[in-house]
Each structure stands twice: as structure tokens, then as C-alpha cells.
Amino acid sequence: MSWLLEPFEFAFQQRALIGGSLAAIALAVVGTWVVIRGMSFLGDALVHGVVPGIALAILFDFNVMVGAAVAAVVMILGINLVHRQTTFSEDTGIGLLFVGMLALGVILISRTASYTGSLTSILFGDVLGVTSTDVAVTAVLLVVAVVTSALLYRPFLVLAFNEQKAQLLGMRPGIAHWVLLGLQTAVIVGSFQTVGTLLVFGMLIGPPATAALIVRRLPLMMVTAAVIGVLSVVVGLVLSFHLDTAGSATMALVPIGLFFLVLKGRTVAAKV
């Protein structure tokens, strides 16, 4: 038991646990919609798309969350522009902006004096550097994610499976889609400090995908994903403390490993 509790004797580890858990729950709630809607590629692109905004915030010394949010909005508008003004599918615009925004972000970061340190922090996070302010912001985003998902549960659900039906039922799928994009952007921006822009995708997709292998009902899927997310934070922090590995990366790897364990278990059970 001491092996499990020892890492959390320190205040910075306790903040990492609280901040990471709040981020994991918010990402699990929104990530469930992302998984059932088939928006994983867009989610991955958004994760990379916020990098230029964070880089500009570092260069010009303003709030990194504001920079990340503006960059995400620019990316979404760019994807929409490519889709509307060409015959290409939405995936083409996503792919173009995916690479372009990440490359621009790295170029901007390279202009800073602490290039290597800034790049590492942005891309891979610093869960042990989570502050009380970060925890408070993440808590607010969690409340927003849960309340929005509850209020728009039916429009989101119908939109995920049949956009035409949502239109016929007068649910305004276009508005629901943009709200979901905004929600996805918000939790990504709010979580990058904890797990980094590259690794946040593992926490956004890993727990919901694993939960989808275990349960079928959507509310239960969200709860299961949240439990898996929090468990990933706890296990990741404990392992990183004792094995001296990067905390954010270890946290992000746990749900991916769990997904393949569950998948293997389902395969074995199906053969029996």
C-alpha cells in the first residue's frame, strides 16, 4: 500500500492527481461523443492545431489558453473553407491544416530562447507542474462539458447516428455540430498543460474507445470512460514516480494499453 500512496505525499503530485483526474473526466465525456460520431481524425488535428496559438502566447507573453483557443478556431474555419470551396472531402482539409498548423507552431517556438524546453512542455505537457489555477480552470471546463452534454444529449445523440434525421426532427444539427466542436476544442485547450498537446489525444480517445468495448449504453459508456481515465491518471503517476518516467506520457499510455488488453480479452472470450 505504501508503494501506491508514497507518490502522493508531495503537494505537486497531489495537484497533478487532482488536475489530471478532472481533465481525464472532461476528456472522457467529450471523447465519448468524438468516438461515436467518428470525429477522431478531426480531434487529432485539433490537438496539433493549437500549437501555433500556444507558441504565439509564449512569444508575446499572453495567456496560452487564449492563444490555443484562437488557433483552434482558425483551424476549424480553415477546414470548413477547404471543404466548402473545393470538391475535396473534409478529411483533405483536416490533413492539410493538421500538418500546416503543427509545422507553423514548431517554427514559431523555434524563435524562442528556450526552444527545446518550450517545445517539450507544449507537446508533452508537465503534469507535475500543474498549478492551483490550472486545477480551477480544468474544473470549470469539466462542469461545462457535463452540463452541455446533459442539455444537448438528444441533439448530440441523433446527430451522431443520423444527421438527416436530426434535421427532420428540427434539432438544428449544424448548431449541434459547432457546439460539439467548441466543446472538443475547450477540453483539448484546457488539458494540454496536464498531458501536452500530442498526448491529450490518447486521453481523449483511449478511455471512451475502451469503454465502448465493455458497455453499449451511452451514459454508462461515459461513466466507464471517466473511471478508466481517472484510473489511468493514478496508475500513470504511480508508475512514473517509481520508474522515473515522464508523467504525462505514462498517463496517456495507460488507457491505450488497457484498450488492447480489453480487445484481446474480448477476442479470447469470443473463441471460447
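Among the polar types (S, T, N, Q) and more than 17 Å from Ala23 (Cβ to Cβ) - does that describe any residue in region 246-265? No, region 246-265 has no match at all.
Report yes if some residue within region 13-31 is more than 15 Å from the chain's Cα centre (by Cα), outside any loop (DSSP other than H, G, I, E, B), without any contact (Cβ under 8 Å) to a residue 60 or more places away in the chain and crowded, with 20+ Cβ neighbours inside 10 Å; otherwise report no. No, every residue in region 13-31 fails to be more than 15 Å from the chain's Cα centre (by Cα), outside any loop (DSSP other than H, G, I, E, B), without any contact (Cβ under 8 Å) to a residue 60 or more places away in the chain and crowded, with 20+ Cβ neighbours inside 10 Å. Within region 73-94, residues that are closer than 18 Å to Ala186 by Cα and of a type in the set (Asp, Glu) reach no partner that is at pLDDT below 85 and in a helix (DSSP H, G or I) with beta carbons closer than 7 Å at six or more positions or on different chains.
Counting only residues that are touching a helix residue (DSSP H, G or I) at 6+ places or on another chain (Cβ under 8 Å) and either outside any helix (DSSP H, G or I) or aliphatic (A, V, I, L, M) (or both), how many does region 141-157 have? Selection size over region 141-157: 7.
Does Val66 fit the bill of being open to solvent by 40 Å² or more (accessible area, probe 1.4 Å), closer than 13 Å to Phe192 by Cα, modelled with pLDDT of 80 or more and not basic (Lys, Arg)? I'd like the intermediate steps shown before the answer.
On the way: open to solvent by 40 Å² or more (accessible area, probe 1.4 Å): yes; closer than 13 Å to Phe192 by Cα: yes; modelled with pLDDT of 80 or more: yes; not basic (Lys, Arg): yes.
Against the criterion (open to solvent by 40 Å² or more (accessible area, probe 1.4 Å), closer than 13 Å to Phe192 by Cα, modelled with pLDDT of 80 or more and not basic (Lys, Arg)), Val66 qualifies.
Within region 158-173, is even one residue modelled with pLDDT of 85 or more, farther than 20 Å from Met251 by Cα and outside any loop (DSSP other than H, G, I, E, B)? Walk me through how you get there before you give the answer.
Keep residues of region 158-173 that are modelled with pLDDT of 85 or more, which gives none.
Within region 158-173, none of the residues are modelled with pLDDT of 85 or more, farther than 20 Å from Met251 by Cα and outside any loop (DSSP other than H, G, I, E, B).
The values are calculated or read from the model by the stated rules, or taken from the named source; none is laboratory data. Just so you know, these numbers come straight off a predicted model, no measurement behind them. Cβ: placed from backbone, ideal geometry, glycine included. Neighbour counts: every protein chain shown. Note: areas computed on protein heavy atoms with side chains; ligands, DNA, RNA excluded. Shrake-Rupley method; radii C 1.70, N 1.55, O 1.52, S 1.80 Å.
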